[in-house]
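A short worksheet on the structure shown next.
The values are calculated or read from the model by the stated rules, or taken from the named source; none is laboratory data. None of these values were measured; they are calculated from a predicted model. Cβ placement follows ideal geometry from the backbone for every residue including glycine, while neighbour counts extend to all protein chains displayed.
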Amino acid sequence: MSTRAATAAHDAKLDAVFSALGDTTRRRILARLARGPASISELAAPFEMTLPAVSKHVRVLERAGLMRRERDGWYHRCHLETRPLAGALKFLAEYRPFWEDTLEALARHVEEPHDKQDKKRPHR
């Protein structure tokens with residue numbers, strides 16, 4: 001696989017993870033799976049939606065690699081898969097210095113005495 005194709009595949013996986021995490025219902029499903037495996041019915045219990053609607057969310061999570069489903073006839077057992085989260089964390093970690101520096105600069109600005117800030121403002 002070429003470098004360009006590998007990068008595109010990696011980007012597609014990362015896009016799928018962030019897209020899956022962008023929905024409150026799917027994040028709540030993942031939070032439930034973090035406590036242990038669950039059936040589709042167990043995952044659907046806290047939500048006011050149909051089983052087919054919950055199944056659609058489950059399929060999005062499966063496509064993103066964030067969960068896997070074991071089937072035993074009609075019974076489906078869902079399990080959390082954390083490996084894709086590592087890729088998302090790695091991506092976010094690259095930007096950590098930026099947001100930490102920005103937040104520190106904001107904190108310094110907010111904590112500056114107001115009279116010092118007033119001297120910096122041009123008079124009209």
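For this structure, a couple of remarks:
Results for (1) over 15 Å from the mean Cα position of the chain (by Cα); (2) among the aliphatic types (A, V, I, L, M), shown as yes or no for each residue.
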site	(1), (2)
Ala5	yes, yes
Ala20	no, yes
Arg26	no, no
Met49	yes, yes
Ala53	yes, yes
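- Listed conditions (1) in a helix (DSSP H, G or I); (2) modelled with pLDDT under 95; (3) out of contact with any Phe, Trp or Tyr (no Cβ under 7 Å at 6 or more places or on another chain); (4) surrounded by 11 or more Cβ atoms within 10 Å (Cβ to Cβ) are all met by Arg69, apart from (1).
- The conditions of being at pLDDT below 90, under 24 Å from Lys13 (Cβ atoms), of a type in the set (Lys, Arg) and not assigned by TED's automatic domain parsing to the domain that holds Lys13 are not met by Arg108.
- Where Ala45 falls short, out of the listed (1) more than 28 Å from Lys13 (Cβ to Cβ); (2) modelled with pLDDT under 90: (2)
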